[in-house]
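Participant: Structure below; questions to follow.
The values are calculated or read from the model by the stated rules, or taken from the named source; none is laboratory data. All values derive from a computational prediction rather than experimental measurement. Neighbour counts are summed over all protein chains in view; Cβ atoms, including those assigned to glycine, are modelled from backbone coordinates with ideal geometry.
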Amino acid sequence: MDDLRSAPPHPTGKPPAASAGPAVPSGGPLLSHETLRSNLADFALAELVRQHRTSFPPPWTIESWAKLLIWLALNSGCAGDTASLEAFAASLGPERSGRLRCLFFSREFEAAGLHLVGDPAEGQVLVQGLLPAAEHASAQESDLEPVAAALDAVGLTALVVPDRQRWQRRGGVVVISFR
């Protein structure tokens, strides 16, 4: 309090009026405790998915996604029985579960500025990023080298159609079917 008393006078010569409530950040109103808890849970779950998505073989499979969910459930205090695991899945809700699944099946290949999404339930891998423009739906062989390198780096090469002639360019995205 002594620091406040020794502060320079207010430019108008009058002290500012007392605030009726807590300070509000310049970005908008304060978030509720419930919103903050939810945001923290989303952040923590996303970080757990990022850190452990390669821990459950075989990679890039529904089986590995299920193993991660079971691991999360068990480490959250759930029993290993079917009813407990189903209750855990229901507690995530479809929106949060969908976001986590998308994150689980996504990778960044920073060396080429590419983003890969390969959910096996979708039947294809989507590669987005800094790709040369193509005039045709199918990309040129040399244009696909960074894509092939990214697939190899994240362990998808053996799971997708190897024939690059069958890889399709749709706008700025290369679409590659799973085998």
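Participant: Regarding the stretch 153-169, can at least one residue be identified that is modelled with pLDDT under 95 and touching a Gly at 6+ places or on another chain (Cβ under 6 Å)?
Facilitator: No, every residue in the stretch 153-169 fails to be modelled with pLDDT under 95 and touching a Gly at 6+ places or on another chain (Cβ under 6 Å).
Participant: Need the failing condition index for W71 against (1) more than 27 Å from R166 (Cβ to Cβ); (2) more than 19 Å from the chain's Cα centre (by Cα), just the number.
Facilitator: (2)
Participant: I'd like to check which helices (runs of 4 or more DSSP H) are fully inside the stretch 1-114 and have at least 1 residues that are modelled with pLDDT of 90 or more and among the aromatic types (F, W, Y).
Facilitator: Passing ranges, in order: 33-52, 62-75, 82-104.
Participant: When A133 is evaluated against the numbered criteria (1) small (G, A, S); (2) part of a loop (DSSP other than H, G, I, E, B); (3) more than 28 Å from N39 (Cα to Cα); (4) at pLDDT 95 or above, which criterion, by number, is the only one it fails?
Facilitator: Unmet condition: (4).
Participant: Pairs needed: first member in the stretch 43-59, free of Cβ contacts under 8 Å to residues at least 12 places away in the same chain and surrounded by 11 or more Cβ atoms within 10 Å (Cβ to Cβ); second member anywhere, among the acidic types (D, E) and part of a loop (DSSP other than H, G, I, E, B); C-beta distance under 8 Å; at least 6 residues apart or different chains.
Facilitator: From the stretch 43-59, no pairs qualify.
Participant: Looking at (1) crowded, with 18+ Cβ neighbours inside 10 Å; (2) of a type in the set (A, V, I, L, M); (3) modelled with pLDDT under 95; (4) not in a helix (DSSP H, G or I), can you tell me which one L144 breaks?
Facilitator: Just one mismatch for L144, condition (4).
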